[in-house]
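Enquirer: Please see the structure below; I have some questions.
The values are calculated or read from the model by the stated rules, or taken from the named source; none is laboratory data. Source: prediction; values computed, not measured. Reconstructed Cβ throughout: ideal geometry from the backbone, glycine too, with neighbour counts over all protein chains shown. Heavy atoms of the whole protein, side chains included, go into the accessibility calculation; ligands, DNA and RNA do not. Shrake-Rupley method; radii C 1.70, N 1.55, O 1.52, S 1.80 Å.
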Amino acid sequence: MSIIIDRRLNDRKKNAVNRARFLRRYKEQIRRAVDDLVSRRSITDMEQGGDVKVPVKDISEPAFRHGSGGDREVVHPGNHRFQQGDRIPRPPAEEGGTGGQGQGEAEDDFVFKLSREEFMNLFFDDLELPHLIRNVLGDVRDYKWRRAGYTPSGVPSNLSVLRSLRNAQARRIAIGAPIRRELEEAEAEYARSPTKALAERIETLRARLSRLPFLDEIDLRFRHRVREPQPVARAVMFCLMDVSASMTEDKKDLAKRFFTLLYLFLSRKYERVELVFIRHTDNAQEVDEQTFFYGTQSGGTVVLSALRLMDEIIEARFDPATWNIYGAQVSDGDAFGADPEKSRAFLEDRLLPDLRYFAYVEIPDEPEALGLLAHAYARIDHPDFAMKSVTERNEIYPVLRELFSKEAA
């Protein structure tokens with residue numbers, strides 16, 4: 001069996017095939033390194049490539065070596081700490097490498113530079129919007145080729161040999177039938193009374209049959225395909241962020257990081273997904289991207305105002321029959337009075353029947369101390385609703401993967 005190795009070089013004098021193979025083979029190790037890298041980045045640098053460190057032990061290859069063989073018992077002099085069968089603990093490793101701390105030789109981590117494209121591919125590889133369907137013809141850019149029978153003209157690659165041969169056989173049968181019938185009559189008459197005229201006529205009829213072409217140009221048939229427009233999946237994502245006074249700067253940073261990753265995921269994987277940004281205190285308003293991430297407005301907390309504004313926008317601009325509607329809400333859960341229960345009822349009864357999916361992320365003060373809004377949302381019994389909580393930066397990306405993973409979809 002012959003093996004072909006592609007050694008074409010890319011722009012930086014590196015083998016692109018080997019690089020892609022390395023990314024596939026050590027995808028999990030690189031992804032863990034990418035997760036750690038993202039938790040330390042600022043929001044503005046979130047989509048950049050960079051250097052990732054992979055422990056050498058994770059990419060080491062197994063190898064067979066010749067050993068001494070057999071069982072050996074060795075007594076080392078000066079051993080006052082260990083007995084036979086004791087396990088010797090591994091010496092502490094220095095940060096950024098493997099080896100003893102302050103002693104012996106250490107082995108650096110393997111540093112691998114990811115481009116922006118590779119970084120984004122690894123970051124959002126197995127994420128997708130749940131229950132996304134193609135439900136509108138709209139501004140069509142997607143087409144599908146459909147077989148539409150045969151045509152007498154076309155390119156040689158589309159030639160249907162079988163259909164052409166069938167046409168040729170049918171043509172020879174149709175044209176040759178009266179000649180063969182006349183030939184049979186002449187042969188029968190010649191058998192009864194042979195004459196020179198009959199013999200010449202028989203030869204002429206046989207010559208006419210032999211001159212029928214086996215394949216003529218009119219017999220050729222080519223496979224015909226037509227391009228049909230395909231329905232496209234139009235989707236809209238509503239991003240609802242609580243910016244009330246109870247949302248501290250650390251909490252707002254976590255919320256912005258979640259929506260930044262969500263924004264990158266949607267803009268990266270989907271061409272026809274609109275985003276609607278809603279900020280709310282005791283009053284909700286639709287804002288642009290710049291204001292959503294960098295606005296400084298603050299105030300009280302009325303969660304219901306954001307849900308009602310979302311419903312108004314859906315009625316005005318996004319028909320559920322032709323749009324896949326999604327929602328993502330981030331809040332610290334501090335809602336007061338009847339607001340948590342009213343918000344739960346409005347979300348469950350009014351919004352969720354028209355939504356494909358709704359995700360709520362709460363940022364509590366303590367990991368287990370959920371707010372009143374989370375306790376109210378916990379009573380929502382709907383398959384298209386999901387709720388998570390985060391308290392640290394390194395929890396945001398795992399939560400995003402849980403909420404929008406392909407398995408969950």
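Enquirer: Starting from a Cα-only point model with no solvent, please compute log10 I(q)/I(0) by Debye for the stretch 143-272 at q = 0.12, 0.19 1/Å.
Expert: So the normalised log intensities are -0.75, -1.05.
Enquirer: When only alpha-carbon atoms count, how far does the stretch 301-409 stretch along each of its three principal axes, as whole angstroms with the largest first?
Expert: 40, 37, 22
Enquirer: What relative contact order, as a whole-number percentage, does the stretch 229-318 give when Cα pairs under 8 Å and 6 or more residues apart are counted?
Expert: Relative contact order, the stretch 229-318: 34 percent.
Enquirer: What distance in nm separates the simple spin-label points at Tyr150 and Glu402, each placed 7 Å from Cα in the Cβ direction?
Expert: Going from the Tyr150 label point to the Glu402 one covers 6.0 nm.
Enquirer: Let me ask something additional. In whole percent, how big is the carbon plus sulfur part of the accessible area of the stretch 155-231, probe 1.4 Å, protein atoms only?
Expert: 54 percent
Enquirer: Modelled label-to-label distance, Ala321 and Glu392, 7 Å Cα→beta-carbon offset: nm?
Expert: 5.0 nm
Enquirer: Determine how large the accessible area of Ile175 is when every protein chain is in place; take a 1.4 Å probe and give Å² rounded to the nearest 10.
Expert: Accessible area, nearest 10 Å²: 80 Å².
Enquirer: Multiply the residue separation of Leu159 and Ala188 by 0.36 nm, subtract the distance between their alpha-carbon atoms, and state the gained length in nm to one decimal.
Expert: So the chain would gain 6.2 nm between Leu159 and Ala188.
Enquirer: With every protein chain kept in the model, how would you rank Thr204, Thr296 by accessible area, 1.4 Å probe, largest at the top?
Expert: Thr296, Thr204
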